[in-house]
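To start, the structure under review is shown below, and the notes come after it.
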Amino acid sequence: MRAIQSLILLWLVSMIGFAILHLAPGGPLAQFALTPGMTEADLKRMAQQMGLDRPLPIQYLEWAWRLICGDWGNSYRDSKPVLAIIGGHLGATFELMFASTAIAILVGSWVGVLGAVRRYSLFDTLATVGAMIALSIPTFWFGLIFIYIFSVGLGWLPAGSRFTIGDGSFLDYLHHLIAPSIVLGLVTVAIWSRFMRASMLDVINQDYVRTARAKGLPERVILVKHTIRNAILPMITIAGLQLPTLLSGALVTETVFTWPGMGRLFLDSISYRDYPAVMGILMCSALLVLIGSLLADVLYSIADPRIRLG
Amino acid sequence: MIALPPPLLHRRALLGAAGATLSGAGAQAQPKPPAVPKGQVIVGVSQEPTRFHPLAPAIEVDQGVWWNLFSPLWNVQPDGSYEPVLAREIPSVENGGISADGLVWRIRLREGVKWHDGTAFTAEDVKFTLQLINNPDFRAASRTGHNLVRDIHVVSASEITWRMSEVYAPYLSRLSWTFIVPKHALEKVADINNAPFINAPIGTGPFKWAERVAGDHITLAANRDYFGPGPYLERLVFKYIPDLTVMYTQFRTGEIDHTSIQGITPDLFEQAKTLKDRVVTKTPAAWIESITPNLGWSFMADKTVREALYLGINKKAFVGAIYYGVPDPTESIYPAQSAFYNADLPKQEYSPAKANALLDAAGWARGTDGVRVKGGIRLEFTNSTTAGNQVREQGQQLLMQDWKAIGASMKINNMPGAVIWGDYWAMSKFQSVMVGVSFGIGADPEVTDRLASTSIPAKGGSGRNTSQYANPAVDALLKEGVSTFENAKRKEIYRKIQAIVREELAIFPLFQASSVEGLKKGLTGYAPNINTLSNCWNCGNWYWAA
């Protein structure tokens with residue numbers, strides 16, 4: 001039943017996405033409008049050769065049929081297969097997302113737990129204010145300031161890129177990863193710490209925690225075994241729903257740090273009206289939403305024995 | 001009459017000298033290039049090069065890569081002359097390369113040239129290239145000029161002839177931008193538009209294809225079998241940096257050696273000049289920034305209105321305040337460096353008083369809100385440009401104020417690039433646009449597709465005359481201009497065209513674009529070329545001063 005629902009959902013996403021993309025004004029050939037030497041006749045001829053002059057339903061059916069047959073089409077921008085392009089950018093985004101999420105989970109969870117345990121303390125107040133500031137700082141500005149201080153000023157970190165051209169060793173990759181993952185992590189740390197704090201506060205006053213304390217269990221055991229374990233449950237859902245963001249990437253951070261990830265691919269594909277690439281990213285995102293929610297359900301059931309999938 | 005260039009080595013030596021000056025060597029003797037390719041240069045580009053088939057549609061950054069991978073029969077030099085590359089000489093009526101009636105062309109080719117995969121380059125490759133451009137299944141960027149080629153005949157491996165169906169003088173310029181592709185790599189592919197060649201191109205240029213990391217960079221490696229002088233660099237890297245502020249930062253920290261095309265924004269020009277061990281130069285480009293009115297729309301067809309609007313533009317403030325005085329104001333459709341440039345065009349006068357008097361006399365009376373009205377039509381129009389182009393958006397604000405002072409109301413209607421330069425521009429759906437256009441092709445002033453009355457797409461034409469300009473005298477001059485090879489005669493023709501276009505204000509020319517490009521000190525051989533779309537046209541001559 002769930003598989004049928006998912007297929008219907010994918011079909012709807014593809015149809016609506018295709019229609020919006022193609023009905024929007026402009027097109028993939030507009031970028032050549034000002035190229036010296038190219039005429040309107042050249043553009044019309046190419047539109048015809050690319051099949052862009054055919055009725056939209058025909059274009060959609062052809063695209064959908066090819067997708068069903070496993071052909072995701074070729075990008076208009078660089079003629080490469082769409083899946084190869086997505087695959088080529090996914091590694092960089094995954095790397096950045098993994099690093100920033102690791103920072104977010106470690107730092108954010110710690111801040112959230114401590115803030116809940118020491119509610120209304122100086123630490124909690126500072127953490128709350130800090131989270132608000134972190135959420136309010138524009139990533140673009142923070143990224144540039146970070147570069148200005150640590151790259152231009154101190155010369156400790158590279159001003160961007162995923163690796164040094166001609167080097168590409170593990171340490172070089174790591175060196176380049178520090179700045180963007182901290183900048184991206186700042187926002188996610190703030191989000192995770194707030195969620196974790198709220199979740200902990202929900203659990204901390206539950207009867208079973210009070211019972212554990214009445215039984216004389218040490219605070220550390222209560223915290224780790226009874227409180228954190230239960231507080232983590234909603235976080236699994238959040239983590240699962242964050243899976244699709246892998247494909248949307250971290251657009252601003254990727255731009256500031258010239259990181260060749262999915263965010264930039266998506267933006268470039270949209271601005272060039274690269275229909276096959278945009279549709280490919282859209283379909284992959286939709287698939288990841290479905291997989292993410294399924295994964296969250298499974299993990300939820302593992303973490304909480306009370307829940308079993310029917 | 002075509003001026004034949006000096007021998008290849010001599011020309012390159014001259015360019016090297018020019019580059020030496022730009023690289024900061026000044027009056028000192030130019031350092032010698034290394035005996036073997038050495039080091040690398042990282043060029044920062046704000047758009048990603050993604051098209052590597054040199055006959056397919058592309059943008060400036062793609063052409064920058066092509067110049068280093070491929071070779072044309074001849075190239076166009078910064079001074080507008082042609083230099084043989086794959087050809088042994090520039091064909092002309094004088095040397096017999098072009099018949100007296102201008103219809104039969106004979107090209108003698110350089111011998112001993114090899115493709116990057118070791119295959120010999122021959123006249124068959126030239127024939128294949130011309131045929132591929134005209135192949136109805138191939139998505140060629142442009143067939144203009146090439147579609148006149150008939151009866152291609154390979155005389156020998158190093159000689160080829162063809163006949164033109166009509167005389168077309170700009171073809172020399174067209175061919176200077178036409179890169180020859182390898183027949184052996186393309187003739188047997190199943191889908192000519194998706195050949196493996198597209199992502200692993202094979203050329204005859206000074207650099208070979210090495211790798212592409214999509215979204216990040218392209219690396220080219222020295223072609224040690226190159227037939228000309230150079231290359232002197234071991235690697236040439238094009239690095240994609242979409243944000244110009246970030247590009248400037250990376251130039252400052254030394255992570256890139258050269259900022260190309262859009263380069264450094266005008267507001268950072270003065271600061272960039274103070275950077276240690278960097279050389280920052282203003283390089284003129286062929287793009288003419290203008291307000292282009294749609295002459296087929298309402299009162300824009302009225303020359304008096306156009307004159308008044310042009311008188312109302314404070315061009316000096318526009319260039320000074322918005323562009324920090326970097327570009328040079330112009331009255332022409334051609335760059336000042338063009339051999340066909342008419343320097344005698346009347347200079348624009350900023351005079352709101354005269355503009356008001358003109359409009360008053362023409363019956364445009366001010367309404368209660370200050371906007372003029374005539375016959376129930378308000379002097380109100382939209383101006384559009386690419387949304388997000390902050391410099392142009394500031395320029396629009398300034399124009400709004402200028403024109404408000406003469407009773408004209410300009411509304412801003414900006415759109416994303418993929419929208420505005422689609423049908424909105426091509427089919428003349430705009431009222432006015434702020435746009436940069438390169439009118440000529442390379443060094444040639446041919447401009448039929450921009451100005452001929454038969455080139456208006458909105459009226460069924462096939463060109464780029466989106467302002468819907470039509471003038472029988474200009475039509476006749478345009479025909480005359482493409483049918484003669486005599487440079488003196490052509491200069492006269494195109495000077496007249498510029499004078500008419502300026503007099504009729506087919507566009508409101510604002511300035512000739514300039515880009516601010518930066519180099520790391522010691523980089524030698526860089527020679528800006530206004531006749532190419534990218535100043536990376538000669539990276540084969542670049543090297544680091546020891």
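The values are calculated or read from the model by the stated rules, or taken from the named source; none is laboratory data. No experiment lies behind these values; they were computed from the predicted model shown. Every residue, glycine among them, receives a Cβ derived from its backbone with ideal geometry; neighbour counts consider all protein chains shown.
Of everything in the range B:220-233 that's touching a Lys or Arg at 6+ places or on another chain (Cβ under 6 Å) and either polar (S, T, N, Q) or in contact (Cβ under 8 Å) with a residue 60 or more places away in the chain (or both), which residue is nearest to B:Trp544 (Cα to Cα)?
Quick first cut of the range B:220-233, residues touching a Lys or Arg at 6+ places or on another chain (Cβ under 6 Å) only: B:221, B:223, B:225, B:229.
Narrowing further to those that are either polar (S, T, N, Q) or in contact (Cβ under 8 Å) with a residue 60 or more places away in the chain (or both): B:223, B:225, B:229.
Values: B:Asn223: 18, B:Asp225: 21, B:Pro229: 15 Å.
Across the range B:220-233, the extreme among qualifying residues is B:Pro229.
Among the numbered criteria (1) over 27 Å from B:Tyr240 (Cβ atoms); (2) within 14 Å of chain B (Cβ to nearest Cβ), which single criterion is violated by A:Trp156?
It fails just one condition, (1).
Can you pull out the residues in the range B:518-538 that are hydrophobic (A, V, I, L, M, F, W, C) and more than 14 Å from every other protein chain (Cβ to nearest Cβ)? Write out each step before concluding.
From the range B:518-538, those hydrophobic (A, V, I, L, M, F, W, C) are B:519, B:523, B:527, B:530, B:533, B:536-537; that's our starting set.
Of everything in the range B:518-538, those that are hydrophobic (A, V, I, L, M, F, W, C) and more than 14 Å from every other protein chain (Cβ to nearest Cβ) turn out to be B:Leu519, B:Leu523, B:Ala527, B:Cys536, B:Trp537.
Among the residues of the range B:142-158, are any closer than 22 Å to B:Ile441 by Cα, within 14 Å of another protein chain (Cβ to nearest Cβ) and of a type in the set (Ser, Thr, Tyr)?
yes
I need the full set of residues from the range B:425-461 which are at the interface with chain A (Cβ under 7 Å from one of its Cβ atoms) and part of a helix (DSSP H, G or I), in order please.
B:Trp425, B:Ala426, B:Asp449, B:Pro457 - these are the residues of the range B:425-461 that are at the interface with chain A (Cβ under 7 Å from one of its Cβ atoms) and part of a helix (DSSP H, G or I).
Quick test for you: out of B:Val213, B:Val237, pick the one residue that is more than 26 Å from the chain's Cα centre (by Cα), facing chain A (nearest Cβ under 9 Å) and crowded, with 17+ Cβ neighbours inside 10 Å.
Working: B:Val237 fails: more than 26 Å from the chain's Cα centre (by Cα).
From the options B:Val213, B:Val237, the qualifying one is B:Val213.
Suppose the filter is among the acidic types (Asp, Glu) and within 30 Å of B:Ser290 (Cβ to Cβ); does A:Asp53 pass it?
Numbers: among the acidic types (Asp, Glu): yes; within 30 Å of B:Ser290 (Cβ to Cβ): no.
Judged against the criteria, A:Asp53 is not a match.
Scan the range A:61-74 and give yes if some residue there is on the phi < 0 side of the Ramachandran plot, modelled with pLDDT of 90 or more and more than 29 Å from the chain's Cα centre (by Cα), otherwise no.
Yes; the residues of the range A:61-74 include at least one that is on the phi < 0 side of the Ramachandran plot, modelled with pLDDT of 90 or more and more than 29 Å from the chain's Cα centre (by Cα).
Exposed (fewer than 14 other Cβ atoms within 10 Å of the Cβ) and either within 14 Å of chain B (Cβ to nearest Cβ) or aliphatic (A, V, I, L, M) (or both): which single residue out of A:Ala116, A:Ala102, A:Ala92 fits that description?
A:Ala102
Can you find, within the range B:404-423, the residue that is farthest from the chain's Cα centre (by Cα) among those that are in a helix (DSSP H, G or I) and more than 7 Å from every other protein chain (Cβ to nearest Cβ)?
Per the stated criteria, the residue is B:Lys404.
With buried (at least 17 other Cβ atoms within 10 Å of the Cβ), more than 7 Å from every other protein chain (Cβ to nearest Cβ) and not small (Gly, Ala, Ser) as the only criterion, which of A:Pro55, A:Pro36, A:Pro28 stands out? Full working, then the answer.
Working: A:Pro55 fails: buried (at least 17 other Cβ atoms within 10 Å of the Cβ); A:Pro36 fails: more than 7 Å from every other protein chain (Cβ to nearest Cβ).
None of the other options fit; the residue is A:Pro28.
Which of the residues that make up the range B:91-139 are assigned to a strand (DSSP E or B) and touching a Leu at 6+ places or on another chain (Cβ under 8 Å)? Let's see the steps before the verdict.
At the first step, the residues of the range B:91-139 found to be assigned to a strand (DSSP E or B) are B:98, B:104-109, B:114, B:120.
Across the range B:91-139, the qualifying residues are B:Ile107, B:Leu109.
Does B:Lys208 qualify as being modelled with pLDDT of 95 or more, of a type in the set (Lys, Arg) and surrounded by fewer than 18 Cβ atoms within 10 Å (Cβ to Cβ)?
Working: modelled with pLDDT of 95 or more: yes; of a type in the set (Lys, Arg): yes; surrounded by fewer than 18 Cβ atoms within 10 Å (Cβ to Cβ): no.
No; evaluated as a whole, the condition is false for this residue.
So which of B:Leu295, B:Leu275 ends up being over 24 Å from B:Gly80 (Cβ atoms) and buried (at least 22 other Cβ atoms within 10 Å of the Cβ)?
Of the residues listed, the single one that is over 24 Å from B:Gly80 (Cβ atoms) and buried (at least 22 other Cβ atoms within 10 Å of the Cβ) is B:Leu295.
Does any residue of the range A:146-160 turn out to be part of a helix (DSSP H, G or I) and either under 24 Å from A:Trp192 (Cβ atoms) or touching an Asp or Glu at 6+ places or on another chain (Cβ under 7 Å) (or both)?
The first filter runs over the range A:146-160 and keeps only residues part of a helix (DSSP H, G or I), leaving A:146-153.
Now narrow it down to the ones that are either under 24 Å from A:Trp192 (Cβ atoms) or touching an Asp or Glu at 6+ places or on another chain (Cβ under 7 Å) (or both): A:146, A:150.
Yes; the residues of the range A:146-160 include at least one that is part of a helix (DSSP H, G or I) and either under 24 Å from A:Trp192 (Cβ atoms) or touching an Asp or Glu at 6+ places or on another chain (Cβ under 7 Å) (or both).
Look through the range A:58-87, keep the residues that are of a type in the set (S, T, N, Q) and not in a helix (DSSP H, G or I), and return whichever of them is farthest from the other protein chains (Cβ to nearest Cβ). Step through it out loud before you land on a result.
As a first pass, look at the range A:58-87 and keep what is of a type in the set (S, T, N, Q): A:59, A:74-75, A:79.
When the remaining residues are screened for being not in a helix (DSSP H, G or I), the result is A:74-75, A:79.
On the way: A:Asn74: 6, A:Ser75: 8, A:Ser79: 5 Å.
Only one residue fits best here, namely A:Ser75.
Here's the yes/no breakdown for (1) outside the structural domain of A:Cys284 (by TED's automatic domain parsing); (2) under 18 Å from the mean Cα position of the chain (by Cα); (3) not aliphatic (A, V, I, L, M):
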{"residue": "A:Ser161", "(1), (2), (3)": "no, no, yes"}
{"residue": "A:Gly168", "(1), (2), (3)": "no, no, yes"}
{"residue": "A:Ser181", "(1), (2), (3)": "no, yes, yes"}
{"residue": "A:Met200", "(1), (2), (3)": "no, no, no"}
{"residue": "A:Asn205", "(1), (2), (3)": "no, no, yes"}
{"residue": "A:Ala214", "(1), (2), (3)": "no, no, no"}
{"residue": "A:Thr253", "(1), (2), (3)": "no, yes, yes"}
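Out of curiosity, is B:Phe511 assigned to a loop (DSSP other than H, G, I, E, B) and of a type in the set (Phe, Trp, Tyr)?
Numbers: assigned to a loop (DSSP other than H, G, I, E, B): no; of a type in the set (Phe, Trp, Tyr): yes.
So B:Phe511 fails the test.
Residues A:Gly27, A:Gly91, A:Gly17: which one is part of a loop (DSSP other than H, G, I, E, B) and among the small types (Gly, Ala, Ser)?
Only one candidate qualifies: A:Gly27.
Kindly indicate which of A:Val113, A:Val82, A:Val117, A:Val107 is touching a residue at least 60 places away in the same chain (Cβ under 8 Å) and not assigned by TED's automatic domain parsing to the domain that holds A:Leu251.
A:Val82
Inside the range B:265-380, counting only helices (runs of 4 or more DSSP H) that do not spill past its ends, which hold 3 or more residues that are within 23 Å of B:Leu510 (Cβ to Cβ) and in contact with a helix residue (DSSP H, G or I) (Cβ under 9 Å, 6 or more places away or on another chain)? Explain how you work it out, then say what you get.
Values: elements: B:269-273, B:303-311, B:352-361.
The helices (runs of 4 or more DSSP H) meeting that bar are B:303-311, B:352-361.
Applying the selection to the range B:115-137, what residues are over 22 Å from B:Ile441 (Cα atoms) and either modelled with pLDDT under 95 or touching a His at 6+ places or on another chain (Cβ under 7 Å) (or both)?
Here is the first cut: in the range B:115-137, the ones over 22 Å from B:Ile441 (Cα atoms) are B:115-125, B:127-128, B:135-137.
Within the range B:115-137, B:Thr119, B:Asn135, B:Pro136, B:Asp137 qualify.
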